1. What are the residue pairs meeting all of these: first residue in the stretch 22-34, first residue without any contact (Cβ under 8 Å) to a residue 40 or more places away in the chain, second residue surrounded by fewer than 18 Cβ atoms within 10 Å (Cβ to Cβ) and in a helix (DSSP H, G or I), Cβ atoms under 6 Å, and 6 or more apart or on different chains?
2. Taking the criterion of being surrounded by 15 or more Cβ atoms within 10 Å (Cβ to Cβ), in contact (Cβ under 8 Å) with a residue 12 or more places away in the chain, in a loop (DSSP other than H, G, I, E, B) and touching a helix residue (DSSP H, G or I) at 6+ places or on another chain (Cβ under 7 Å), would at least one residue in the stretch 284-292 satisfy it?
3. Do you know which of the residues in the stretch 520-539 that are surrounded by 19 or more Cβ atoms within 10 Å (Cβ to Cβ) and without any contact (Cβ under 8 Å) to a residue 40 or more places away in the chain is farthest from the chain's Cα centre (by Cα)?
4. Of all the residues that make up the stretch 558-568, how many are over 22 Å from the mean Cα position of the chain (by Cα) and buried (at least 20 other Cβ atoms within 10 Å of the Cβ)?
5. In the stretch 381-421, what residues are closer than 16 Å to residue 640 by Cβ and part of a strand (DSSP E or B)?
6. What residue, of 472, 476, 484, is in contact (Cβ under 8 Å) with a residue 24 or more places away in the chain and either outside the structural domain of residue 652 (by TED's automatic domain parsing) or exposed (fewer than 14 other Cβ atoms within 10 Å of the Cβ) (or both)?
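The values are calculated or read from the model by the stated rules, or taken from the named source; none is laboratory data. Keep in mind that what you see is a predicted model, and the values were worked out from it rather than measured. Cβ: placed from backbone, ideal geometry, glycine included. Neighbour counts: every protein chain shown.
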């Protein structure tokens with residue numbers, strides 16, 4: 001690495017496309033897109049900047065021309081590696097701008113993303129928030145004025161008396177603010193560079209850099225969208241929404257039946273509730289429970305049904321697709337590398353592919369056809385609910401290139417396999433190796449009788465299934481309920497027995513919870529690393545000079561999980577016992593704050609991290625044989641193929657042994673389709 005010059009880069013841009021709604025790629029593809037400022041610093045040298053808005057003939061033209069030539073010389077150089085915070089943005093925007101102006105592009109492999117590095121080390125995604133969490137000195141922190149300046153110079157201004165249409169504020173309109181904007185841009189370089197320096201002691205593994213590159217390339221390539229379906233769904237959804245609002249107004253007499261406050265007031269009056277029965281919220285779970293238990297008024301019941309239907313998010317997904325799809329019919333930027341700090345799993349963006357409704361319609365092709373025909377009455381006849389039908393079809397809006405198919409494949413029971421492998425729960429591994437139904441095998445182990453899926457003691461399989469899905473990380477009755485035990489028809493009074501029988505059947509997994517918790521507590525107390533089976537190693541790592549301090553868990557691949565600033569404090573539910581605490585982003589407040597964890601949660605983190613690394617291995621292997629996973633969801637890959645037979649190539653890759661996980665039995669299952677769907 002010493003042979004290269006490291007150039008930290010930050011840019012400020014303009015576009016008439018809303019970045020927050022449409023995403024990076026449609027934003028940068030707009031004809032109005034432009035780069036305003038480029039700031040950079042070479043190695044430890046001073047920050048420099050070029051103002052690309054300088055007009056020919058202006059007093060600074062010569063200076064800015066030379067600054068641009070200096071940057072272009074670096075851009076063309078073979079001995080330069082580029083660094084940026086959220087480098088996918090700089091990479092795509094600069095390549096787009098350079099290509100428009102006749103300059104060469106630079107491949108993604110020339111870039112290193114400091115945000116990805118920070119996420120790998122347990123920090124958050126924001127430059128300012130990460131700098132604050134690291135405790136950067138004030139002169140290295142991101143300036144807080146950036147958002148206001150971006151609203152001035154980087155987006156169209158709202159119409160006013162002097163401008164009847166959206167308009168663009170130019171640097172000469174507010175020169176003092178523009179100079180402040182240039183300072184802000186250079187300060188971002190200083191902040192990024194300091195974060196990079198502090199993280200340098202814990203480099204991202206080369207394999208992770210490659211996965212970031214793979215994600216960036218896949219995001220830029222995008223996923224095909226059936227725009228006819230999207231537009232039809234939006235029209236159908238809008239028509240049905242208007243009909244439901246009209247019906248709700250007729251029943252209730254409310255001006256705005258979608259208003260939570262208005263509807264609650266009406267429902268409480270209609271149902272004549274008192275202090276004990278008063279409806280105090282209209283969350284999805286509350287509405288579902290009221291409909292399940294029943295209400296005395298048919299009008300109130302119908303209003304609750306309409307509330308449930310109108311609050312479905314089906315058209316919101318279509319809205320997001322319509323806003324983000326590029327002119328070539330592809331949506332880009334759906335995957336976010338290292339979206340989950342504690343596992344390294346990818347997160348979703350734009351339409352949130354990790355959170356798409358499942359499809360259970362008996363004929364997807366016919367449903368798609370009826371939606372495209374705007375045939376609302378037939379949709380109701382065949383499937384009852386228009387919003388539910390649209391919701392179930394959202395997956396099918398993703399389509400492969402013409403002449404290709406999707407091969408959709410996911411790992412079978414991946415977390416059950418991994419946690420058994422980590423713990424050495426031999427009977428579970430043997431069951432997977434023998435190709436047994438793991439839910440039947442679990443029920444047999446729990447109840448001591450033969451359980452067959454469609455044969456002897458088949459009724460026990462549901463108990464084996466919910467126990468397998470819910471109890472591997474130390475959960476109890478509440479975990480079983482959350483996994484759907486009651487919906488499966490299992491009486492609540494039977495849940496303690498299921499928990500106890502599963503734990504007795506899986507002693508090695510239960511012991512793993514204790515082993516991981518003990519290792520974490522001992523390492524934080526004493527500082528000496530502790531190695532557990534499969535090279536899972538707990539260690540305390542820090543840098544006194546910068547105040548960085550982590551509990552790390554080394555995974556079988558060599559990748560590490562990071563828990564920032566670990567300390568011991570009384571456990572929330574057991575004040576006489578210590579528990580591990582560390583700093584992360586609080587999901588409610590979105591602030592950097594302490595949180596606690598315990599053995600079962602640590603086992604969950606490591607299990608899901610190893611499962612993620614299995615998926616990562618599949619992505620890399622697919623690339624080597626020339627197949628492209630256009631996107632992936634949890635433990636599932638969606639691959640464009642030419643022939644149905646290529647599905648087997650994908651499944652063979654998923655089942656192939658892993659050098660770093662000997663004895664881990666893996667298996668994939670999948671199908672081919674003409675549009676994305678859930679089997």
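1. Pairs found: 27/19.
2. no
3. Start the filter on the stretch 520-539 by keeping residues that are surrounded by 19 or more Cβ atoms within 10 Å (Cβ to Cβ), which leaves 520-521, 523-524, 534, 536, 538.
Next, only the ones that are without any contact (Cβ under 8 Å) to a residue 40 or more places away in the chain stay: 523, 538.
Values: 523: 31, 538: 26 Å.
Restricting to residues being surrounded by 19 or more Cβ atoms within 10 Å (Cβ to Cβ) and without any contact (Cβ under 8 Å) to a residue 40 or more places away in the chain, the top hit is 523.
4. 1
5. 398, 399, 405, 406, 407, 408, 409
6. 472
Conditions tested, residue by residue: (1) modelled with pLDDT under 90; (2) more than 19 Å from residue 208 (Cβ to Cβ).
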| site | (1), (2) |
| --- | --- |
| 321 | no, yes |
| 329 | no, yes |
| 333 | no, yes |
| 338 | no, no |
| 342 | no, no |
| 346 | no, no |
| 357 | yes, yes |
| 362 | yes, yes |
| 365 | no, yes |
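For (1) within 22 Å of residue 557 (Cβ to Cβ); (2) more than 22 Å from the chain's Cα centre (by Cα); (3) at pLDDT 95 or above, each residue gets a yes or a no:
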| residue | (1), (2), (3) |
| --- | --- |
| 606 | yes, no, yes |
| 610 | yes, no, yes |
| 614 | yes, no, yes |
| 622 | yes, no, yes |
| 636 | yes, no, yes |
| 640 | no, no, yes |
| 645 | no, yes, yes |
| 650 | yes, yes, yes |
